[in-house]
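Q: Below: one structure in structure tokens.
The values are calculated or read from the model by the stated rules, or taken from the named source; none is laboratory data. The shown structure was predicted, so the numbers you read here are calculated from the model rather than taken from an experiment. Every residue, glycine as well, gets a Cβ built from its backbone with ideal geometry; the counts of neighbours run over all protein chains shown.
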Amino acid sequence: MWWLRHTHSNTESENTLEQFSYSIIPLHIHHRSFTSSVEEPSPAIPETIRLLRILPRRYDAISYTWQQDEVNGGSKNKQGEIVCNDARLLVGVNLFNCLEQLEKNGRHYDQDLWVDAICINQGDEAERNQQVSIMADIYKLAERVVVWLGAADEFTPKASELIESLSRLKGDEIITITPQAFDDAHNKRLLGCSNSPEHWKALALLFGRRWFTRAWVVQELILARKITILCGDHTFDWDKMVRVSDFLAKRTSANTFREHLFDNIDRHFLSYKNPTKLDAIKRDRCGQASNAFLYTLVRCRTYDAREKHDKLYPNYHGTVAKLYTDVAKYILEASEDLHVLAHAEGDYFRETEGLPTWVPDWSVRKDLGLRITGYTRYNAAGTLPCFYKIQDGDRLGLRGFELDIITRVGETKEEVNRTKNCKDWLDLRDELQREYPAADYKDAFWRTLLIDTDPSRTVPIKQPWENAFNIWMGLCDYEPSKTGKQKAAEYETSFTHSLNLRLFRTAQGHLGCGTSSCKKGDLVWIVQGSRVPLILRLVPQAKTYELVGGTYLHWFMQGEALDERELQGFTLV
């Protein structure tokens, strides 16, 4: 932005001029005026003049992380030195590498850049807070956002090669690729030399860089008009990265990378789903989805932030509990449903003191819930209108009915995925089959573990995957065929998509898969406005309930429980 300022006197003009920054340049005079032909001495001409630079309306903004990735080596606290306005300035080594690369590329030479660590006085708290409050506008108005993933390493070229190879494939070709099949002739025909363990490992490491895991980058990317992705001297196309990320999310699991490519790698480092999550957030914003804010929080639950406030909004005046509660109330007011309640996952996933049980703790960095953004494929409460009422400050009044009670719980999906031991599950399934021989609990069993949905988003799942589960778990007494093993790998991908869930049965013989926090004695309710059943825990002395979390309950996800049920009011604390 630039401003014109009128002055009323020469004196005022002189005083005001000193308050502005300006450039002084030499003025080289190559000719004189028409009076110079007269043999009279010319008037003294100043050798320098002041120039006012009208700032351009367009600039590029840098999106990066202050801390460098460990894969690049070196000390995390290392700094580099730059010269800014003829003064020496220390900056983090990751930013230093970025500026050095931009200088090498030449594209941004003599072009305006906005970089938070330099353009904000980090020693002035008032200025820093003010600039943070307009950060969204800064990135929205930038002509381009340059994403800096960090310096390149020995893996970066191979990641670039594999992304290019995968992105060239047609839709019906890419879905036939099996990431862990390094020696597969079909893979080699389509990907050539890019289908190697080193290439797939490089791809996972690229998507696992710190930039893809930080909460702050979300708004920086989704608000961008144009995007350039840099990793050292490599430039990546964002749309291609998203397509590859979406393919990986649907076709492979973290187990694949652990078993075939890595040894004991932290699961947070396997962030290959994050580009497609960011792209979905950007689409929601462009489409002005009514629940876009909530969906963003759900998708970015695993993202890291230095302060708990930063997961939602950098307002540090109140407590984290108050901020999270206020945001939950705002989401309820802005929504036409109670979907936010399904993301309060109980005491296993609660680290912030003072939160009501119905308020999600967004500071917990885990993939929680059924892992289906929006849950729109379910309709447990049918057409019952949404109802809620805030009572006595932070109590929540709702309406619904008690459907069943949990009488036995099994292992969590995460435990079974880690140990390959599902003894309690099988005992629970066989117990139900003995009690209710007319029902098909083998079918209900594998469907419940997948919450009856798969990457095709079809509900219910159409393909029979019972044998696929048995093959994957090693429960077969025969050698599976190649096709069977492929089906088992596909089952694993769907199974591992939502691991923080626990299998349970109810008193009336129903199978469910809900938050790991659930336990024997918890109640399953159908609640007006909730797309999935909710698990509640009675607080007898107060005649109120704690919210434990949402759940999948087989045979009751499309309004089947609503027949002539009487609704009653109840209160969550």
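Q: Does Thr383 qualify as being in contact (Cβ under 8 Å) with a residue 60 or more places away in the chain and exposed (fewer than 14 other Cβ atoms within 10 Å of the Cβ)? Reasoning before the result, please.
A: Values: in contact (Cβ under 8 Å) with a residue 60 or more places away in the chain: yes; exposed (fewer than 14 other Cβ atoms within 10 Å of the Cβ): yes.
Criteria met by Thr383.
Q: Do you know which residues across region 334-346 are at pLDDT below 95 and either assigned to a helix (DSSP H, G or I) or touching a helix residue (DSSP H, G or I) at 6+ places or on another chain (Cβ under 9 Å) (or both)?
A: Scanning region 334-346 gives Ala334, Ser335.
Here is a yes/no grid of residues against (1) in contact with a helix residue (DSSP H, G or I) (Cβ under 8 Å, 6 or more places away or on another chain); (2) under 23 Å from Leu149 (Cα atoms); (3) not assigned by TED's automatic domain parsing to the domain that holds Val145:
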site	(1), (2), (3)
Gly80	yes, yes, no
Asp86	no, no, no
Leu89	yes, yes, no
Glu100	no, yes, no
Trp114	yes, yes, no
Glu125	no, no, no
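Q: Condition check: under 28 Å from the mean Cα position of the chain (by Cα) and either in a loop (DSSP other than H, G, I, E, B) or under 21 Å from Ala444 (Cβ atoms) (or both). Does Glu479 satisfy that?
A: Details: under 28 Å from the mean Cα position of the chain (by Cα): no; either in a loop (DSSP other than H, G, I, E, B) or under 21 Å from Ala444 (Cβ atoms) (or both): yes.
Criteria not met by Glu479.
Q: If you scan region 510-524, which residues turn out to be surrounded by fewer than 20 Cβ atoms within 10 Å (Cβ to Cβ) and outside any loop (DSSP other than H, G, I, E, B)?
A: Leu523
Q: Go through region 485-509 and give me each residue that's closer than 16 Å to Gln180 by Cβ and surrounded by fewer than 17 Cβ atoms within 10 Å (Cβ to Cβ).
A: If the condition is that a residue be closer than 16 Å to Gln180 by Cβ and surrounded by fewer than 17 Cβ atoms within 10 Å (Cβ to Cβ), then Lys485, Gln486 are the ones that fit.
Q: Continuing with this model, one more query. Conditions first: (1) closer than 30 Å to Gln508 by Cβ; (2) of a type in the set (Phe, Trp, Tyr); (3) without any contact (Cβ under 8 Å) to a residue 60 or more places away in the chain. Tyr316 passes all but one, so which condition is the exception?
A: Here Tyr316 clears every test but (1).
This table checks each residue for (1) in the same structural domain as Ile406 (by TED's automatic domain parsing); (2) charged (D, E, K, R); (3) over 23 Å from Cys513 (Cα atoms); (4) at pLDDT below 95.
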residue	(1), (2), (3), (4)
Leu534	yes, no, no, no
Leu538	yes, no, no, no
Lys543	yes, yes, yes, yes
Glu546	yes, yes, no, no
Gly549	yes, no, no, no
Leu553	yes, no, no, no
Glu566	yes, yes, yes, yes
Gly569	yes, no, yes, no
Leu572	yes, no, no, no
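Q: Testing Lys462 on (1) modelled with pLDDT under 95; (2) of a type in the set (Lys, Arg); (3) surrounded by 16 or more Cβ atoms within 10 Å (Cβ to Cβ), one condition comes back false. Which one is that?
A: (3)
Conditions tested, residue by residue: (1) basic (Lys, Arg); (2) more than 26 Å from Ala142 (Cβ to Cβ); (3) modelled with pLDDT of 90 or more.
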position	(1), (2), (3)
Asn195	no, yes, yes
Trp216	no, no, no
Lys250	yes, yes, no
Thr256	no, yes, no
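Q: Answer yes if at least one residue in region 204-217 is over 16 Å from Trp148 (Cα atoms), out of contact with any strand residue (DSSP E or B) (no Cβ under 8 Å at 6 or more places or on another chain), surrounded by 18 or more Cβ atoms within 10 Å (Cβ to Cβ) and not polar (S, T, N, Q), and no otherwise.
A: Initial filter on region 204-217 (over 16 Å from Trp148 (Cα atoms)): 204.
Filter once more, so that each one left must be out of contact with any strand residue (DSSP E or B) (no Cβ under 8 Å at 6 or more places or on another chain): 204.
Within this subset, residues satisfying the condition of being surrounded by 18 or more Cβ atoms within 10 Å (Cβ to Cβ) are 204.
Cutting the leftovers down to not polar (S, T, N, Q) gives us 204.
Yes, because at least one residue in region 204-217 is over 16 Å from Trp148 (Cα atoms), out of contact with any strand residue (DSSP E or B) (no Cβ under 8 Å at 6 or more places or on another chain), surrounded by 18 or more Cβ atoms within 10 Å (Cβ to Cβ) and not polar (S, T, N, Q).
Q: Out of the residues in region 127-148 that are touching an Asp or Glu at 6+ places or on another chain (Cβ under 8 Å) and in a loop (DSSP other than H, G, I, E, B), which is nearest to Thr235 (Cα to Cα)?
A: Glu143
Q: If you don't mind, another one. Do we find a residue being among the aliphatic types (A, V, I, L, M) and modelled with pLDDT of 85 or more anywhere in region 260-276? Show your work before the answer.
A: Of region 260-276, the ones among the aliphatic types (A, V, I, L, M) are 261, 265, 270.
Filter once more, so that each one left must be modelled with pLDDT of 85 or more: none.
There is no residue in region 260-276 that is among the aliphatic types (A, V, I, L, M) and modelled with pLDDT of 85 or more.
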